[in-house]
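Structure, as structure tokens:
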Amino acid sequence: MGPAGKSWKVAALLMGGVATGTQVVLLREALSAFLGNELVISTVLFSWLTLTGTGAWTARYWSRRIPMRDIPLIVLGVVMFLPPVTLHVLRLFPLVCAPPGSLLDVRIFIGGSILILAPFCLLTGAFFPLLVRAAAEADDVRAAASVYAWEALGSLMGGALFGVLLFDILPSQDVLLLLSGIAGLCGLALALYTKRWRPGSLLGAGMIILAAVVYATGGERGALSLRYPGHTILEHTETPYGVLDVTRFGGQTSVFLNNVPLFVTDDVAGVEEEVHFAVVQRPVSPRVLIVGGNPSSLSREVLKYDGSDVVCLEENSWLRSAEMKYLPVAPDARVHLVQADPRAYMRTTDQRYHIVILVAPDPATIQTNRLFTAEALACMHRVLVPGGVLSVSLPSSEEYAGADARQLRAILLNTLKLSFAHVVLLPAGRDLFLASDGEVRTDIASAVHDAGIPTGYVNGDYVQDDLLQQRAQRMSTLLAVPTPVNTDGHPVLMLAQIRYWLRFFALDAMLPVAVCAGLVAFVLLRCDRIAIGLMTAGSTGMILELIVIMIVQVAFGNVYKMIGGLVAICMAGMSAGAIAGRRMRITPRRYAALQGGGALAVLIAAHMLVRMGETPVTGAVILAGCLVSGSFAAGTVFAFCARMRSGAQDPRVAGLYACDLLGAAFATLIVGPYLLPVFGVSSLAGATAVMVLIGTGISLTSPVWLRQRGYLEAEPM
Amino acid sequence: VRKREFLQWCGAGVLCGLAGAPLPERWRANANLLFGAGTPDDGLWRWSKEALFVENTGAGIHCLKCPNGCTIPDGGTGICRNRVNVHGTLYSIAYGNPCAVHVDPIEKKPLMHFLPGTRAFSIATAGCNLSCLNCQNWQISQVGPKETDNTDLMPKEVVDACVKNECASIAYTYGEPTTFYEYAYDTAVLARRRGIRNVWKSNGYIEEGPLRQLCGVIDAANIDLKSFDDSIYGRLNAGTLAPVLRTLRIFHEMHVWLEITNLVIPGWTDDVEMIRRMCDWLVAHGLDSVPLHFTRFLPLYKLNQVSPTPVKQLEDAHAAAVNAGMKYVYIGNVPGHPREHTYCHQCGKMILERRGYTIVTTHMIKGHCAFCHAAIPGVWSPV
């Protein structure tokens, strides 16, 4: 076999790398474009994996029509062209399909995201059997496992390179263009080396056209001018927390994160409510900690209290830089700006405060929910002086709170009550929860008056105490219901927030679960027992990855940058597993041990949630170990199943590849937004172990296993 | 056992378990989180009342209440989610069961020239005949009465509660009162008898017949004129402009005290040229003395990717309205703005100094400017 015969390895490597790099980049774009919450993220990933699996599944029927020698070049051509095009379309889609400035309907979002991702995902999925064929014809006796291993190796490199190393340096579009360039150049080199002039010139022409299109459309600037018509764009930065934009319009400076306004200048009512409802509770020389929000306007209000001192904490360094540049805090020795993860800061600081004000986005993701959990609120309680006050808020339900809004508030109220003796909810411009072990005043206007604080909005002229108390009393009655408590391992508030968000579209939260259940039933009825075992392994691998990401998020804060690394670790294990599985002797006991190993990794990882706070470094090492061993098991199981199915060189193993991906897809859709919040991480891990037990049991009743060793020893695998 | 049978048995077992097993408290709370608490649906209920303004057609009952003109088949519900056809009779299912019951300052509606400094007993039921992307009360307006948590409050009890809370008026507000017309109308009739004023806070999307009947019992109205462009009305609110303009004319003609609210949304309704055309139309139709409120938009509901309205845009809109000849123009949702006050249209002096819902100083004598004695239109005293 000459160098040309190994070109499938280059193609598989690049396909894995580009697919993972693109996935990391497009997930962030989807977050920004569709105002992502955990369900949105899961839906995009579900679509991705399902489409890729479908591509692999359907390719079985037509892959033989493609000339073998063209396969690597076709793969490289598609890998070059589609990612930047997909990114462009993804950016323009919500601008075209939703009324200006409004949320895209979730049904259009789901349909649209499937359509946009389909070309890339279906083709990358379809390339798997193509490459298996190419590898088989290049005399690789265990072609499927080999392609799987090379692809996983490419994913490892893609995750590490684009998710970790290039992330801070290049924006999304440039990352994808770089990927395209690499794929294109490799394709050109391959074409020249193998003297395939026609496809080579097509690739070269494609590269030129792509560059011309990107240049002509102005790239992301074009989408920006559509998104903010009439605004002067002062700053546009892609950060790990999302896309940050600062604009100026009508004399007003606005800061947007993922297209949603975070804060603007001249928001007198919002700023005063956020500050004075809380600070007026302890008006004498208050030491105030403000987490998030606009430090210039918030600190200005706090400084109206004699002897006050304020620390403004922000974890997003990009946002802090933009604030300093466009909305600077007036120099004052009493104002301290700190950039740190809020939970880490509150866990370690020796400072104590009279007031903590949490100005945080809604708890729609694990990332944002981590500031609303019982553990986080206990941290906030820790940094308060005895009788200090914590202020947390949710969007307003001043006139009426529907069932989902009430549930959301009741969960937060009950979670706050775990740490604080008194909690009141004051419905105003936002619903403000004031929690303390001491007394909490609800006659806010009178309190402001008593403290002699000059205000433009929070005073008796705008805030009428008796009416505010009436509404608070009514709300308090409505919220006196038992609910689960929101914890790190049991993020119920996140699911309640998702349910509330789905109400915007009059959609039932169970719809995705029903769709998922239907698909699972369909696939289970269509595939054989070996494939069921492989689906179990795919699901276990994905559940493990999700649990690890969740724990890392809870422990360390934002993980976008780490996700590339975590994916790389996972892919390293999977690649090693697939390579090992190519040659390892297949026995039922070994197969069961590998499946059990995956489940054990999930159980250990879930257990680490409570340990991370005490020993974060050791915990991180153990989590990495779980990830490697779990993904190693998944990779080996795939290689085993591929060998057992129908001989080493048969590209119909694509069906198995599809089942592996579909197993992962189902886990993606229902674990993060549903099973984790409802059952909690420990029960989820236990359920995973049971699922593995059942899946492995079903798999071991397959005729292949029942024929036992005679069959296995008779055939080369 | 074959795989298919095995799976069928598993599925059946899970379903039976879910249906029959009594869940522990904690599990039940979790199940509510997943499935919701469920909503009752028993057809007609005690809060159903036969609807006014209907005609029978072969295809169902044609509701004549609003310009949507729904023809509702047997068992169907109108666009407003508030009217159901049960065996050939149309019912309003929100009679006497408001989901929101509050006391508000009258200035919150906003009404600046109607009993300033008083309070309004405010009620709303679920449902609305429009679907605004920026709806502030979407949890009330975009659901039906059976999906909300309601209070049993028949018309007489509303009036009693209003008296008990020392309110000068009853406001039909938050959601869209046209959708609970029968309830509002009966309540207004009773309120009138007890000397209580009635306030209609609405999108103005109502047909002429019901509106003219309503004018007999309503004392003041604040109508949202959401834009002056039919296409924007369609895309932003799922409605049309002409019926709202007709409503403004009829209220004025029927001598119901009228004020108009125009929410200025960046990129949607902030075109000064459009605002000028709107004001020209108001002036041309004799509505120049009707107070016009330009209010600041805040990102809400589905329209959450638009920044709040810059104050300068509101001031530009104000200037355009004044130049067009509007006499009383206010800026709302901007605390402390000088255009909260009332200025005499004749001498230009401040006659009511306001801070929020408080009247700080008054330079008016019996509805006239204390400086130039010009009559200031409005309802200034409860008597």
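The values are calculated or read from the model by the stated rules, or taken from the named source; none is laboratory data. None of these values were measured; they are calculated from a predicted model. Ideal geometry is used to build each Cβ from the backbone, glycine not excepted, and the neighbour counts take in all protein chains shown.
Is it the case, given these coordinates, that A:L95 is touching a residue at least 24 places away in the same chain (Cβ under 8 Å) and within 14 Å of chain B (Cβ to nearest Cβ)? So A:L95 passes the test.
Tally up the residues in region A:227-254 that are within 9 Å of chain B (Cβ to nearest Cβ) and either within 26 Å of A:V24 (Cα to Cα) or touching a residue at least 60 places away in the same chain (Cβ under 8 Å) (or both), please. Reasoning before the result, please.
Just the residues of region A:227-254 that are within 9 Å of chain B (Cβ to nearest Cβ), to begin with: A:227-231, A:247, A:249-252, A:254.
Narrowing further to those that are either within 26 Å of A:V24 (Cα to Cα) or touching a residue at least 60 places away in the same chain (Cβ under 8 Å) (or both): A:227-229.
Qualifying residue count, region A:227-254: 3.
Out of contact with any strand residue (DSSP E or B) (no Cβ under 7 Å at 6 or more places or on another chain) and without any contact (Cβ under 8 Å) to a residue 60 or more places away in the chain: which single residue out of A:T587, A:T540, A:T536, A:T615 fits that description?
Numbers: A:T587 fails: without any contact (Cβ under 8 Å) to a residue 60 or more places away in the chain; A:T540 fails: without any contact (Cβ under 8 Å) to a residue 60 or more places away in the chain; A:T536 fails: without any contact (Cβ under 8 Å) to a residue 60 or more places away in the chain.
Going through A:T587, A:T540, A:T536, A:T615 in turn, just one is out of contact with any strand residue (DSSP E or B) (no Cβ under 7 Å at 6 or more places or on another chain) and without any contact (Cβ under 8 Å) to a residue 60 or more places away in the chain: A:T615.
Is it true that A:K325 is without any contact (Cβ under 8 Å) to a residue 24 or more places away in the chain and surrounded by fewer than 22 Cβ atoms within 10 Å (Cβ to Cβ)? So A:K325 fails the test. Among the candidates B:K109, B:K49, the residue that is charged (D, E, K, R) and within 14 Å of another protein chain (Cβ to nearest Cβ) is uniquely B:K109. Considering only residues that are at pLDDT below 85 and not in a helix (DSSP H, G or I), which ones fall in region A:73-130? Passing the criteria: none in range. Residue pairs whose Cβ atoms lie under 9 Å apart, sitting 6 or more positions apart in sequence or on different chains, and linking a residue in region B:344-363 that is more than 11 Å from chain A (Cβ to nearest Cβ) and in contact (Cβ under 8 Å) with a residue 60 or more places away in the chain to a partner that is assigned to a strand (DSSP E or B) and surrounded by 14 or more Cβ atoms within 10 Å (Cβ to Cβ), are B:L352/B:T342; B:L352/B:Y343; B:L352/B:I359; B:L352/B:T362; B:L352/B:M364.
In region B:84-95, is there at least one residue being within 16 Å of the chain's Cα centre (by Cα) and either part of a strand (DSSP E or B) or within 14 Å of chain A (Cβ to nearest Cβ) (or both)?
Yes, region B:84-95 has at least one match.
Looking only at residues of region A:425-466 that are part of a loop (DSSP other than H, G, I, E, B) and of a type in the set (D, E), we find that the one that is surrounded by the most Cβ atoms within 10 Å (Cβ to Cβ) is A:D461.
Kindly provide the set of residues from region B:93-116 that are among the hydroxyl-bearing types (S, T, Y) and within 19 Å of B:Y357 (Cα to Cα), ordered by number. Answer for region B:93-116, where residues must be among the hydroxyl-bearing types (S, T, Y) and within 19 Å of B:Y357 (Cα to Cα): there is none. When each of A:L495, A:L426, A:L467 is tested for being hydrophobic (A, V, I, L, M, F, W, C), facing chain B (nearest Cβ under 9 Å) and farther than 30 Å from A:M550 by Cα, the lone residue that passes is A:L467.
Right, B:V290: over 29 Å from A:S397 (Cβ atoms), more than 11 Å from every other protein chain (Cβ to nearest Cβ) and either in a helix (DSSP H, G or I) or modelled with pLDDT under 95 (or both) or not?
On the way: over 29 Å from A:S397 (Cβ atoms): yes; more than 11 Å from every other protein chain (Cβ to nearest Cβ): yes; either in a helix (DSSP H, G or I) or modelled with pLDDT under 95 (or both): no.
Answer is no for this residue.
From the set of residues in region B:119-152 that are surrounded by fewer than 18 Cβ atoms within 10 Å (Cβ to Cβ) and of a type outside the set (D, E), which is nearest to B:I260 (Cα to Cα)? Walk me through it before giving the result.
Filtering region B:119-152 down to residues surrounded by fewer than 18 Cβ atoms within 10 Å (Cβ to Cβ) leaves B:131, B:136, B:149, B:151-152.
Subsequent filtering for residues that are of a type outside the set (D, E) retains B:131, B:136, B:151.
On the way: B:S131: 19, B:Q136: 17, B:T151: 30 Å.
My answer is B:Q136.
Remark: A:L337 matches the filter, which requires a residue to be among the aliphatic types (A, V, I, L, M), touching a residue at least 40 places away in the same chain (Cβ under 8 Å) and farther than 24 Å from A:L31 by Cβ. Do you know which residues across region B:262-273 are away from chain A (no Cβ under 12 Å) and either surrounded by fewer than 17 Cβ atoms within 10 Å (Cβ to Cβ) or assigned to a loop (DSSP other than H, G, I, E, B) (or both)? B:E273 - this is the single residue of region B:262-273 that is away from chain A (no Cβ under 12 Å) and either surrounded by fewer than 17 Cβ atoms within 10 Å (Cβ to Cβ) or assigned to a loop (DSSP other than H, G, I, E, B) (or both). Those helices (runs of 4 or more DSSP H) of region A:226-339 in which at least 2 residues are among the β-branched types (V, I, T) and closer than 30 Å to A:P100 by Cβ, considering only elements entirely within it, cover A:268-279.
Being at pLDDT 85 or above, over 17 Å from A:K325 (Cα atoms) and of a type in the set (V, I, T) is the requirement here; does A:V255 meet it? Working first, answer last.
Numbers: at pLDDT 85 or above: yes; over 17 Å from A:K325 (Cα atoms): no; of a type in the set (V, I, T): yes.
Answer is no for this residue.
Restricting region B:154-186 to residues that are under 21 Å from B:E50 (Cβ atoms) and of a type in the set (A, V, I, L, M) leaves a set whose member that is surrounded by the most Cβ atoms within 10 Å (Cβ to Cβ) is B:A184.
Taking the condition of being in a loop (DSSP other than H, G, I, E, B) and buried (at least 22 other Cβ atoms within 10 Å of the Cβ), how many residues in region A:407-424 meet it? Number of matching residues: 1. Counting only residues that are polar (S, T, N, Q) and assigned to a helix (DSSP H, G or I), which one in region B:124-142 is nearest to the other protein chains (Cβ to nearest Cβ)? Ranking the candidates gives B:Q139 first.
From the residues in region A:390-404 that are outside any loop (DSSP other than H, G, I, E, B) and in contact with an Asp or Glu (Cβ under 9 Å, 6 or more places away or on another chain), which one is nearest to the other protein chains (Cβ to nearest Cβ)? Break it down into steps so the answer makes sense when it comes.
Here is the first cut: in region A:390-404, the residues outside any loop (DSSP other than H, G, I, E, B) are A:390-395, A:403-404.
From the residues that got through so far, the ones that are in contact with an Asp or Glu (Cβ under 9 Å, 6 or more places away or on another chain) too are A:391, A:393-395, A:403.
Details: A:S391: 20, A:S393: 14, A:L394: 13, A:P395: 8, A:A403: 6 Å.
Among residues in region A:390-404 that are outside any loop (DSSP other than H, G, I, E, B) and in contact with an Asp or Glu (Cβ under 9 Å, 6 or more places away or on another chain), the one nearest to the other protein chains (Cβ to nearest Cβ) is A:A403.
Go over the candidates B:V322, B:V306 one by one and state the one that is assigned to a helix (DSSP H, G or I) and either within 14 Å of another protein chain (Cβ to nearest Cβ) or surrounded by fewer than 23 Cβ atoms within 10 Å (Cβ to Cβ) (or both). Walk me through it before giving the result.
Details: B:V306 fails: assigned to a helix (DSSP H, G or I).
Being assigned to a helix (DSSP H, G or I) and either within 14 Å of another protein chain (Cβ to nearest Cβ) or surrounded by fewer than 23 Cβ atoms within 10 Å (Cβ to Cβ) (or both) holds for just one of B:V322, B:V306, which is B:V322.
Residues of region A:55-71 include at least one that is among the hydroxyl-bearing types (S, T, Y), more than 30 Å from B:P308 (Cβ to Cβ) and without any contact (Cβ under 8 Å) to a residue 60 or more places away in the chain. Of all residues in region B:65-76, those that are at positive phi have Cβ atoms under 8 Å from Cβ atoms of residues that are β-branched (V, I, T), 6 or more apart or on another chain, in B:G75/B:V84; B:G75/B:V86. Only one of the listed residues (A:A405, A:A410, A:A374, A:A360) is out of contact with any Gly (no Cβ under 8 Å at 6 or more places or on another chain) and over 25 Å from B:V143 (Cβ atoms). That residue is A:A374.
Search region B:203-248 for residues being of a type in the set (D, E, K, R) and buried (at least 16 other Cβ atoms within 10 Å of the Cβ), and hand back the single one that is farthest from B:I331 (Cα to Cα). Walk me through it before giving the result.
Step one: filter region B:203-248 for residues of a type in the set (D, E, K, R), giving B:207-208, B:212, B:219, B:224, B:226, B:229-230, B:235, B:246.
Narrowing the set further to residues that are buried (at least 16 other Cβ atoms within 10 Å of the Cβ) leaves B:207, B:219, B:224, B:226, B:229, B:246.
Working: B:E207: 29, B:D219: 23, B:D224: 14, B:K226: 15, B:D229: 21, B:R246: 24 Å.
Restricting to residues being of a type in the set (D, E, K, R) and buried (at least 16 other Cβ atoms within 10 Å of the Cβ), the top hit is B:E207.
Residues of region A:470-489 that are facing another protein chain (nearest Cβ under 10 Å) and in a helix (DSSP H, G or I): A:Q470, A:R471, A:R474, A:L478. Within region B:143-173, restricting attention to residues that are in a loop (DSSP other than H, G, I, E, B) and out of contact with any Lys or Arg (no Cβ under 8 Å at 6 or more places or on another chain), the residue that is nearest to the other protein chains (Cβ to nearest Cβ) is B:T148.
Whether any residue in region A:648-662 is crowded, with 19+ Cβ neighbours inside 10 Å, modelled with pLDDT under 90 and part of a loop (DSSP other than H, G, I, E, B) is what I want to check. Yes, because at least one residue in region A:648-662 is crowded, with 19+ Cβ neighbours inside 10 Å, modelled with pLDDT under 90 and part of a loop (DSSP other than H, G, I, E, B). Given A:R60, A:R28, A:R69, A:R65, which one is in contact with a Pro (Cβ under 9 Å, 6 or more places away or on another chain), surrounded by fewer than 22 Cβ atoms within 10 Å (Cβ to Cβ) and at pLDDT below 80? Unique residue meeting the criteria: A:R60.
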